[in-house]
Amino acid sequence: MTDLGVAGFNTDVIDAWLEGEHGVETPVTWERLPGGHSNLTYLLTDAAGVELVIRRPPLGELLPKAHDMWREYRIIDGLWATPVPVARPVAYVDDRALCDVHFYVMGKVEGRALYTGAEVSEWLDEAARRRAGESFIDTLAALHSVDPASVNLADLGRPDGYVARQLKTWYGSWTASVDDAGMDDERTHRLHDVLAANIPEQGPGRVVHGDFGPHNCLFSADGRLTAVLDWEIATLGDPLADLAYSINAWTEPGDHLADGVDAPTVLDGFPSRAELLARYATATGADLSMIPYYRAFNCFKTACIIHGVYARYCAGKKSTEGVDMDLLRSRIGIALDNAEAMAGNLR
């Protein structure tokens, strides 16, 4: 009988398809997994204990380019044979006899994502934390070393002018959100002008994850990165912008964080940002002299993104139940503080 508690799938239909096409042994148990940018993601465990993950867009009307399952699947399919650890691609399906939208199935990877210091303390000892940091940056270096054409991803996006387009998009988001947010900040406008006037020359375009942080990676208990998750905003672009985002996400003791944030990488044992940057440079040969620019750019982008989210809450477009609006507003200010400090030497 169909499990009525599973939103978005007819489990009888999917179980029969998996049994016939992929040798899954029924009955299959379904468990909803959290996260994933609102996509519906389930862990499937068959009668023999084999585990798979199935993923589809959320319910309801979707924007034309949002929640592109094919885009995600083709990335993990392309990267599967490279040194970048991803889940095993099983199948991409766009068949209305099976589901009302497209979906994909991938293998289950063991490991835990690192969201908080409390989770790190429970999962990784100090030696494993160092290995986790090294594995983290080695994986990003491996991703940025892959020629997109060699893995059939040359048409994933337009790589040239990546930073300029991002600046235009997110500054436009800020200005369009000012009225709903009821807040503006002159630093945003100054930073935009400085960043736009100092865009570094971009090298060859590479696959950029867009949200490569410890929260989107799985780590084994010994610190090995076992899989990179959530490829839905990945595109082709400037790898140093991707690197800077990850370095910003790699918080250190003494960083200016919002009150109550339990950052995962501030605990003893993790490599410093400087160590990660040096390791990346050795692995890729990249010139990192403009990293302060890229870090400022990412902090500016973060401020604009949070500002847009804050504006949607203020306008009643999203429920504020359980949302700390003061924390959101504080995070906008902190991101601008950090961007201003990092852009201090730019003119």
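Compactness check for the stretch 11-107: Cα Rg over 2.2 N^0.38 Å is 1.07. Relative contact order of the chain, taken over Cα pairs closer than 8 Å and 6 or more residues apart, is 18 percent. As I understand it, the value is the acute angle between the Cα axis of helix 291-314 and the longest principal axis of the Cα atoms of the chain; what does it come to in degrees, rounded to 10? Roughly 70 degrees between the two axes. Taken about its Cα centre, the chain carries a charge dipole of roughly 880 debye when the Cβ of each Lys and Arg holds +1 and the Cβ of each Asp and Glu holds -1. With a Cα cut-off of under 24 Å and a minimum spacing of 8 residues unless on different chains, the lysine pairs in the chain number 8. With the convex hull of the Cα atoms taken as the outline of the chain, the averaged projected area works out to 18.3 nm².
Taking 0.36 nm per residue of sequence separation and removing the Cα-Cα distance, the SER121/VAL261 pair yields an extension gain of 48.9 nm.
Adding -39500 (n - 2.57) for every DSSP H run of four residues or longer, then dividing by how many residues the chain holds, sets the calculated 222 nm ellipticity at -14000 deg cm²/dmol.
Quick note: the coordinates plus some simple rules give every number you see, no bench work behind them. Since we're looking at a predicted model, the values are computed, not measured. For neighbour counting, all protein chains shown are included, and Cβ atoms are generated from backbone atoms with ideal geometry for every residue, glycine included.
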